[in-house]
């Protein structure tokens, strides 16, 4: 990953997932998250477009349709920068396993489709930490669209790429937009060495593949050896009426 | 005519080659009387028959409110804050400055990318990253830099609203005391401004004189720029009254 920052001294690990909408990446990351927690790792989760300081501005831009390709790109970079400095870097320094739902490749793919210069984008995001492993969930467009149609498909203006004027029909626009993004991801797999996961496989097969790769990178990462609340309760013969299981100490 | 020249690559969605207006930038550190000079210049230009649009940092519809909110918390790292400012800058470039120039207006910018670059660089952000970031900025027709020494600046601070957290670099300088921090921060900033002035060929005006003296020097610079506009009917006198009218 030529353009991203490599820091071999960070004790933590960073795993990220990428893919078009409906590729199943969030489901897989969620399964990985639960497994890592059960193994005693300190896990920190972060997702695209979620900085408490920046996301109000992004929402304002989206709601009022103020965003052009460049401002769309910049405000998402601001969100990512804030999460990098306030969330991802401190967690990696503390030795945590950081899981990111979408990373810089989302910007590289989407913004390039919107006509933003790829070289400029890579320089813009040069402060980003290079992931330990980056998974790309590769799914045929028709399959992704079928999955979405089965669940949520209330398309918003920018999600559907309506600003690109590909089609006046939101569903058609979304289909064309996702197709273009998918083509960009294909290029990024080679450029940045993303791990391509065949997202047409069964969920359990995909998770197995993912865990196999993650496991290889976990040697030396701190595990919590204080035992879980449930263990303490069991040993003391208590029912645990006043302590909630897991979440509090581990989330 | 303002030729559409950018510091880096031409950004997407920008059409045309030449715009009939002019982009004039006034740069300076805080409390140099910069905003007063911009106001005077606006008044004079309108008196001369030019339509004027003025703009300044954080005045975008998109990111202005967000930046104000973020700065209240004093918790932002410089990269995030810069990207916030860059969003604000681009939104104004695209939706205020360019339409103004297209309509043949005189666009006055109370600070441009140079203040942003100087402030970021003294906070340790690499200058290459900043210059790449602002590659999408339009090259102005004229950049006037109001130059002043810290020693001359101090009485103005004490005599007005006093020292400010950000203007004293208290977000990053390990210096005890507002006064000491202010002096050190402004020294660093002025040094950076002077480097930028040389590199980007600013017209430098001594800002230590009276308001009238500074304005007279500023007006001379602008008059020189306008000399070649007399034959340009799209600009002088006003040919159109665009929606973005500043009045």
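Cβ crowding within 10 Å, taken as a proxy for footprinting-reagent exposure, orders B:160, B:220, A:23 from fewest neighbours to most as B:160, B:220, A:23.
Were the residues from residue B:150 through residue B:75 laid out at 0.36 nm apart, the gain over their Cα-Cα distance would be 24.3 nm.
How would the stretch A:13-220 be classified by its alpha-carbon gyration tensor: rounded, prolate or oblate, with rounded meaning a/c under 1.5 and the a/b versus b/c comparison settling the rest? Present the calculation step by step, with values, prior to reporting the outcome.
Details: a/c = 1.77, a/b = 1.28, b/c = 1.39.
Here the stretch A:13-220 falls in the oblate category.
Angle, helix B:150-159 long axis vs. longest principal axis of chain B, Cα atoms, 0 to 90°, nearest 10? The two axes meet at around 90 degrees.
Among B:45, B:189, B:226, the largest mean-square fluctuation in a Gaussian network model of chain B, built with springs joining Cα atoms closer than 10 Å, belongs to B:226.
How far, in degrees from 0 to 90, does helix B:64-73 lean away from the longest principal axis of the Cα atoms of chain B, to the nearest 10? That helix lies at roughly 0 degrees to the long axis.
Mean per-residue shielding of peptide A:49-62 is 4, counting Cβ atoms of other chains within 10 Å of each Cβ.
Panel order for B:143, A:17, by other beta carbons found within 10 Å of each beta carbon, from fewest to most: B:143, A:17.
As a test of the formula, what do you get for the protein assembly as shown when each DSSP H run with n ≥ 4 contributes -39,500 (n - 2.57) and the sum is divided by the residue count, at 222 nm and rounded to the nearest 500 deg cm²/dmol? Intermediate values should be presented prior to the final figure.
Working: 20 runs with 228 residues, N = 498.
It lands at -14000 deg cm²/dmol.
Arrange A:217, A:76, A:208, B:200 by Cβ neighbour counts within 10 Å, fewest through most, would you? Provide the component values of the computation, followed by the final result.
Values: A:217 14, A:76 26, A:208 11, B:200 17.
With the fewest neighbours first, A:217, A:76, A:208, B:200 line up as A:208, A:217, B:200, A:76.
The angle separating the long axis of helix B:113-122 from the principal Cα axis of greatest extent in chain B is about 20 degrees. Suppose R0 equals 41 Å; then what is the FRET efficiency for residue A:168 and residue A:201 from their Cβ-Cβ distance, rounded to the nearest 0.05? The formula returns an efficiency of 0.70 here.
FYI, it's all coordinate maths here, none of it is from the lab. Computed from a prediction, not measured in an experiment: that's the story for all the values here. With ideal geometry, Cβ positions are generated from the backbone for all residues, glycine too; neighbour counts draw on all protein chains shown.
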